[in-house]
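The values are calculated or read from the model by the stated rules, or taken from the named source; none is laboratory data. Because the structure is predicted, anything quoted here is derived from the model rather than measured. Here Cβ is always computed from backbone atoms with ideal geometry, including for glycine, and neighbour counts include all displayed protein chains. We work out accessible area using only protein heavy atoms, side chains counted, and drop any ligands, DNA or RNA first. Shrake-Rupley method; radii C 1.70, N 1.55, O 1.52, S 1.80 Å.
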Amino acid sequence: MAMRKGLTSKASNKLVLNSAAFQDHITRSLLHPHFLLSDPFLRGKRKAPRRRVAEERGLQTQDQQEEREYVLDSAPPPLTLAQKWGLVASPAGRITEDEWTRVKARSVQQGDSAQPCAICREEFCLQPQVLLSCSHVFHRACLQAFERFSGRRCCPMCRKEQYEIRVIHDAARLFRHQCATRIQACWRGHLARKRYRKLRKSVWPKDKRLRRKFFEAKLQELNDSFVRYCHTDTEAFLTDINRSLSSSRRVFQQLERKHVSEPQESDWDRLQSQVVQRGVWDCPICLTALCSLSRPTEAGASSHQQGRRTVLLSCSHLFHQLCLEAFEAFSTERRPSCPLCRSAYHKKLI
């Protein structure tokens, strides 16, 4: 009888302890951890986790400065009495750094970091990026919004529950690298185009048509620069050019006349033989026949033509005396030049 009473008391004590352990587990896990049991209406009064908020702010500031990866979830709560006694299964342990490295490598192999976010379908730029323990990557704000509206902690891709979250910066580094590459490519293209423009201005192309256009553009550029830097009064500028040309021509003509010497008798004979060899017997001024001692007189020639005397110039040209005198009378120069070759001359009657 006493033994039965002892066994009954032990069983009742164990039952009471197990009930207390289950009640503690239900209070900590199923109810909200910030509910106060003293409140008759069980209204949640959330305690401000000042230490945790300060730690997260410090981590975020340090992360923004150094881009250090860290686990977003807080430390797991202590085990309840039921979990310690084995009445309820204990939660899985935290993932170690080596396991996070393998998860990250699997995510890179799957290409989740390079693809857009599966929730908002936008590219990963400089926005905060989170890696789940199931190797899926999302925007941090997108994952928080999904958990808030779904009402449970479940992966949007594989539906795995009770995952851990780690903040990573792979997308931000990749985005910065792409931006730097694009900026460098634009700068190199700018330098190449600038160098090519300089080469086009200094080196002519090999193609015949392009080379012709190149020299035409060069000539046009020279003409434009010449007109741009000359005097604004074009008429006065052209008048000065004409005046300088006429004065230069006059100086050269005077020098030419000074250097021309009067031929000797032998020179006149040589010039006359050149005229005979040339066989020109018409006056270049009146275009009528010439009469000379070296050319026989035609039977049909008139007495007026036979009476017109012929002049031989030192430049070996023949003219009628009257025609040459008329040309000299109408000439505006002080000393006229040959009507054919425009050179100074000495004349002799033949």
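Things worth noting here:
- Only listed residue being assigned to a helix (DSSP H, G or I), at pLDDT 85 or above and open to solvent by less than 80 Å² (accessible area, probe 1.4 Å), chosen from 197, 182, 193, 211: 211
- Some residue of region 145-161 being modelled with pLDDT of 85 or more, within 14 Å of residue 69 (Cβ to Cβ) and open to solvent by 30 Å² or more (accessible area, probe 1.4 Å): no
- Of all residues assigned to region 276-286, none qualifies as being among the β-branched types (Val, Ile, Thr), open to solvent by less than 40 Å² (accessible area, probe 1.4 Å) and modelled with pLDDT of 85 or more.
- Within region 309-320, the set of residues being open to solvent by less than 50 Å² (accessible area, probe 1.4 Å) and on the phi < 0 side of the Ramachandran plot comprises 310, 311, 312, 313, 314, 315, 317, 318, 319, 320.
- You will find that of 102, 94, 121, the residue that is farther than 16 Å from residue 166 by Cβ and surrounded by fewer than 14 Cβ atoms within 10 Å (Cβ to Cβ) is 121 and no other.
- Filter pass, residue 135 being more than 17 Å from residue 72 (Cα to Cα) and among the hydroxyl-bearing types (Ser, Thr, Tyr): no
- Among the residues listed as 227, 203, the single one being in contact with a Ser or Thr (Cβ under 9 Å, 6 or more places away or on another chain) and farther than 30 Å from residue 101 by Cα: 227
- Number of the condition not met by residue 176 [criteria: (1) open to solvent by 80 Å² or more (accessible area, probe 1.4 Å); (2) under 20 Å from the mean Cα position of the chain (by Cα)]: (2)
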